[in-house]
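Notes for the one structure printed next.
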Amino acid sequence: MNLFADAIAWIFSPDRATGALPLSEAIGTHLAFTAVAVLLAALLAVPAGWVIGHTGRGREFAVALSGAARAVPSFGLVLLLVLLLGVTHKVAASTTAFVLLAVPPILAGAYTGVEAVDRRVVDGARSVGMTPGQVLRKVEVPLGLPLLIGGLRSATLQVVATVTLAGYVGSWGLGFYIVQGIQLRDFSQILGAALVIVVLAVVLDLLFALLERAVVPRGVSARRAEQSDPARRRRRREVATSAT
Amino acid sequence: MIEFRSVTKTYPDGTVAVADFDLVVPPHRTTVLVGSSGSGKTTLLRMINRMVEPTSGTIEIDGTSVLDRDPVQLRRSIGYVLQNGGLLPHQRVIDNVTTVLRLTGTPKRAARERALEVLDVVGLDRSLAERYPSQLSGGQQQRVGVARALAADPNILLMDEPFGAVDPIVRAELQTETLRLQQELNKTVVFVTHDVDEAFLLGDQVVILQEGAHVAQIGSPSEIIENPASEFVASFIGVERGTRALHTKRTDRGTVLVDTAGRTQGVLVEGTA
Ligand SMILES: Nc1ncnc2c1ncn2[C@@H]1O[C@H](COP(=O)(O)OP(=O)(O)OP(=O)(O)O)[C@@H](O)[C@H]1O
Ligand SMILES: [Mg+2]
């Protein structure tokens, strides 16, 4: 309990505003890493996932990829990339590792979102004369948005936790406090930094949860109030598990 | 006019849904395809707007093979009411109805005006325009499906068991409306159902199908009832049962017609119809 109080005291200590690495700067770097990695991953994975979901082609590849990604240890990946890209490119190496970790859940969210759209609705859209592109844009993407946001949510949570590891390869982010704390045996610093990371993760998760709700199309949420859709819930679980 | 010539459809899994099918669908008339489940009705219908491609044979609309037309343009020019509605759940009724108009570049304002008119035509209150499909009853959703198909004023209207999922009362109401609509609009309608009564009620020409879209009989409802071409047709349309097998019974006030269940169905009026 004392350790806990010390950790809280560490967080709110005036020393956190000064020194080699002020807390606000560490949080900023941490979030910036997360945001950049998730954005880059989304740029790659969202269009790819939509195409996979729309055409049904490459699905096996996507499933295998998320499976493989689950087996890759994050820390190993970061170290491997630092070794591969050279110690002078630590930022690029770490970012690449985070992007690679973020891609599978986003890909899964994008393609399951499109796939989960009722085939009869897609059939209706095609039969009134929508081109394949229009079907994707006007029907599959908007209806698949909640699952895509779910994928982004998983990716973000995973990356925000993993960015901590960047503290081992460079003196950035909240992970640096932990690495330094271990060396100095300063447990209140370790726990304090860990708590800040937890709070960041919870806040981000909450924001995404709100967003996920906000993007459910109105006509669909009107129905959901009356009847829940087991197929949709099953998909949601798939996305959630593929992210871990 | 729509013409099927030796049309065959074999699905990739080897199912022969349609085997060597020929049919002439006359313009401005309702042709009803009726047959039991799996007889290939939906397949036939969807080959007209290229939602399904024939394996062999040709389908012509006014002398032009549909295979020579761009599928997207073709579909926009044909109204199609799907077996299950197929409305877009995330769009309001009005936007569902204007879909085709918007796709073909009608300005938003004009499309809206037109859509509201079509809602009147299919008997839907304009106040429902801002609702989502999920906020409508099954019968109302079907009407929206019909309105969507009619909005761009196509010459051809394809209807696939449009009233299959509604209760008998609403169904009867929608059937009456369809008859009225057809009198007003004069479209070439191809209507699919597995309900013989519906077929005889709505069809100018009725096509009775067996497995593989094999034509058991083509004719007007009267021709078919008066002269069933085979045992199959006779039993399919039920000439020996229900309200189609009537016998006369003399009463004090004249002759009445009684069905096989013993219920009086009507009065025999002498003279020519
Ligand atoms: N996409 C498909 N792939 C394989 N077989 C199919 C496909 N669509 C239909 N079939 C088969 O083709 C046959 C005809 O199907 P179709 O849907 O045209 O029948 P239908 O007369 O419309 O039946 P229903 O009254 O049940 O709607 C059936 O045996 C069906 O199983
Ligand atoms: Mg069918």
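For B:Val239, work out the one condition from (1) hydrophobic (A, V, I, L, M, F, W, C); (2) surrounded by fewer than 18 Cβ atoms within 10 Å (Cβ to Cβ); (3) within 16 Å of ligand 1 (Cβ to nearest atom) it doesn't fulfil.
Result: B:Val239 passes all but (3).
When the residues of region B:69-86 are narrowed to those that are in contact (Cβ under 8 Å) with a residue 12 or more places away in the chain and at the interface with another protein chain (Cβ under 7 Å from one of its Cβ atoms), which ends up surrounded by the fewest Cβ atoms within 10 Å (Cβ to Cβ)?
B:Asn84
Is it the case that some residue within region B:17-29 is touching a helix residue (DSSP H, G or I) at 6+ places or on another chain (Cβ under 9 Å), under 24 Å from B:Pro221 (Cα atoms) and within 14 Å of ligand 1 (Cβ to nearest atom)?
Yes, some residue in region B:17-29 is touching a helix residue (DSSP H, G or I) at 6+ places or on another chain (Cβ under 9 Å), under 24 Å from B:Pro221 (Cα atoms) and within 14 Å of ligand 1 (Cβ to nearest atom).
Being under 20 Å from A:Ser154 (Cβ atoms) and touching a residue at least 40 places away in the same chain (Cβ under 8 Å) narrows it down to one of A:Phe33, A:Phe4, so name that one.
Matching residue, one of A:Phe33, A:Phe4: A:Phe33.
Which condition number in (1) at the interface with chain A (Cβ under 8 Å from one of its Cβ atoms); (2) under 18 Å from the mean Cα position of the chain (by Cα) is the one that B:Met47 fails?
Tallying (1) at the interface with chain A (Cβ under 8 Å from one of its Cβ atoms); (2) under 18 Å from the mean Cα position of the chain (by Cα), B:Met47 fails exactly one: (1).
Has region B:72-93 got any residue that is of a type in the set (Ser, Thr, Tyr) and not in a helix (DSSP H, G or I)?
Residues of region B:72-93 that are of a type in the set (Ser, Thr, Tyr), as a first pass: B:77, B:80.
Okay, now just the ones that are also not in a helix (DSSP H, G or I), so B:77, B:80.
Yes: region B:72-93 contains one or more residues that are of a type in the set (Ser, Thr, Tyr) and not in a helix (DSSP H, G or I).
Only helices (runs of 4 or more DSSP H) wholly contained in region A:112-220 count here; list those with 1 or more residues that are within 12 Å of chain B (Cβ to nearest Cβ) and not charged (D, E, K, R).
The qualifying helices (runs of 4 or more DSSP H) are A:119-127, A:132-135, A:141-162.
Taking the options B:Gln91, B:Gln135, name whichever one is of a type outside the set (Val, Ile, Thr), surrounded by fewer than 19 Cβ atoms within 10 Å (Cβ to Cβ) and within 11 Å of another protein chain (Cβ to nearest Cβ).
B:Gln135
Read through the list (1) of a type in the set (Lys, Arg); (2) surrounded by fewer than 23 Cβ atoms within 10 Å (Cβ to Cβ); (3) closer than 21 Å to B:Thr188 by Cα, then give the number of the only condition that B:Arg148 fails.
B:Arg148 satisfies all of (1) of a type in the set (Lys, Arg); (2) surrounded by fewer than 23 Cβ atoms within 10 Å (Cβ to Cβ); (3) closer than 21 Å to B:Thr188 by Cα except (2).
Where residues in region B:154-166 are at pLDDT below 85 and more than 13 Å from chain A (Cβ to nearest Cβ), which of them is farthest from ligand 1 (Cβ to nearest atom)?
Looking at residues that are at pLDDT below 85 and more than 13 Å from chain A (Cβ to nearest Cβ), I get B:Val166.
Take the residues in region B:178-210 that are touching a strand residue (DSSP E or B) at 6+ places or on another chain (Cβ under 8 Å) and among the charged types (D, E, K, R); name whichever of them is nearest to ligand 1 (Cβ to nearest atom).
B:Asp195
Select from region B:43-68 the residues that are surrounded by 20 or more Cβ atoms within 10 Å (Cβ to Cβ) and part of a strand (DSSP E or B) and write down the one among them that is nearest to ligand 1 (Cβ to nearest atom).
Ranking the candidates gives B:Ile59 first.
Hey, does region B:14-29 have a residue that's modelled with pLDDT of 95 or more, part of a helix (DSSP H, G or I) and in the same structural domain as B:Thr104 (by TED's automatic domain parsing)?
No, every residue in region B:14-29 fails to be modelled with pLDDT of 95 or more, part of a helix (DSSP H, G or I) and in the same structural domain as B:Thr104 (by TED's automatic domain parsing).
With the requirement that a residue be within 16 Å of ligand 2 (Cβ to nearest atom) and without any contact (Cβ under 8 Å) to a residue 40 or more places away in the chain, what does region B:7-45 give you?
B:Tyr11, B:Thr15
Mind checking whether some residue in region A:41-49 is more than 19 Å from the chain's Cα centre (by Cα), within 21 Å of A:Arg153 (Cα to Cα) and not hydroxyl-bearing (Ser, Thr, Tyr)? Even if it seems obvious, please write down each step before you answer.
Residues of region A:41-49 that are more than 19 Å from the chain's Cα centre (by Cα), as a first pass: none.
No, region A:41-49 contains no residue that is more than 19 Å from the chain's Cα centre (by Cα), within 21 Å of A:Arg153 (Cα to Cα) and not hydroxyl-bearing (Ser, Thr, Tyr).
The values are calculated or read from the model by the stated rules, or taken from the named source; none is laboratory data. Only a predicted model underlies this, so the values are computations on that prediction, with no experimental measurement involved. Cβ atoms come from the backbone with ideal geometry, glycine included; neighbour counts cover every protein chain shown.
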